[in-house]
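*Asks:* Structure provided below as structure tokens; questions to follow.
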Amino acid sequence: MTIGGMEFKITKLAFDDDVRRILSLTSPNAMCVKDIANLLDMPITKCYRLVRQMEKRGMLKKSDNASTNVATYQSNLRAIAFKIESDKLCIDV
């Protein structure tokens, strides 16, 4: 995909250090926002904002646990590759 609209927003997020740390942390196992924030030593409000943005763009998958009433999130991405083709930045997700 090329940069434009939604793709640009995913690209912008993919270059963010905190987003990459969240993706790395949630890749093997789903986690709640509170645990993500604690492990990354990040303010919980910032963590919630980033997680919501990432979920909206399909980077994280949300699961609701009815017994605990706590949502968990897991990375939907296995790899992001950036390449330049014909003078355009292309992204393979």
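*Asks:* Being in a helix (DSSP H, G or I), within 11 Å of the chain's Cα centre (by Cα) and at pLDDT 90 or above narrows it down to one residue among 50, 39; which is it? Give the derivation first.
*Replies:* Numbers: 39 fails: within 11 Å of the chain's Cα centre (by Cα).
50 is the lone residue from the list that is in a helix (DSSP H, G or I), within 11 Å of the chain's Cα centre (by Cα) and at pLDDT 90 or above.
*Asks:* Restricting to segment 69-85, and then to whatever is at pLDDT 80 or above and over 17 Å from the mean Cα position of the chain (by Cα), can you tell me which residue is least open to solvent (accessible area, probe 1.4 Å)?
*Replies:* Restricting attention to segment 69-85, the residues satisfying the condition of being at pLDDT 80 or above are 69-76.
Now restrict to residues that are over 17 Å from the mean Cα position of the chain (by Cα): 69-70.
Values: 69: 142, 70: 64 Å².
Going through the qualifying residues, I end up with 70.
*Asks:* Filter segment 1-31 down to residues that are open to solvent by 30 Å² or more (accessible area, probe 1.4 Å), assigned to a helix (DSSP H, G or I) and at pLDDT 80 or above and give me whichever is farthest from residue 47 (Cα to Cα).
*Replies:* 24
*Asks:* Mind checking which residues of segment 46-67 are out of contact with any Phe, Trp or Tyr (no Cβ under 9 Å at 6 or more places or on another chain) and either open to solvent by 80 Å² or more (accessible area, probe 1.4 Å) or of a type in the set (A, V, I, L, M) (or both)?
*Replies:* So the first thing to find is which residues in segment 46-67 are out of contact with any Phe, Trp or Tyr (no Cβ under 9 Å at 6 or more places or on another chain), and the list is 46-50, 52-53, 56-59, 64-67.
If the condition is that a residue be out of contact with any Phe, Trp or Tyr (no Cβ under 9 Å at 6 or more places or on another chain) and either open to solvent by 80 Å² or more (accessible area, probe 1.4 Å) or of a type in the set (A, V, I, L, M) (or both), then 48, 49, 50, 52, 56, 59, 64, 66, 67 are the ones that fit.
*Asks:* Inside segment 33-52, can you point out the residues that are over 13 Å from residue 20 (Cα atoms) and not β-branched (Val, Ile, Thr)? Break it down into steps so the answer makes sense when it comes.
*Replies:* The initial filter retains those residues of segment 33-52 that are over 13 Å from residue 20 (Cα atoms), namely 33-35, 37-39, 41-46, 48-49, 52.
Residues satisfying the conditions are 34, 35, 37, 38, 39, 41, 42, 43, 46, 48, 49, 52.
The values are calculated or read from the model by the stated rules, or taken from the named source; none is laboratory data. No experiment lies behind these values; they were computed from the predicted model shown. Here Cβ is always computed from backbone atoms with ideal geometry, including for glycine, and neighbour counts include all displayed protein chains. Keep in mind that these areas ignore ligands, DNA and RNA; they rest on the heavy atoms of the full protein, side chains included. Shrake-Rupley method; radii C 1.70, N 1.55, O 1.52, S 1.80 Å.
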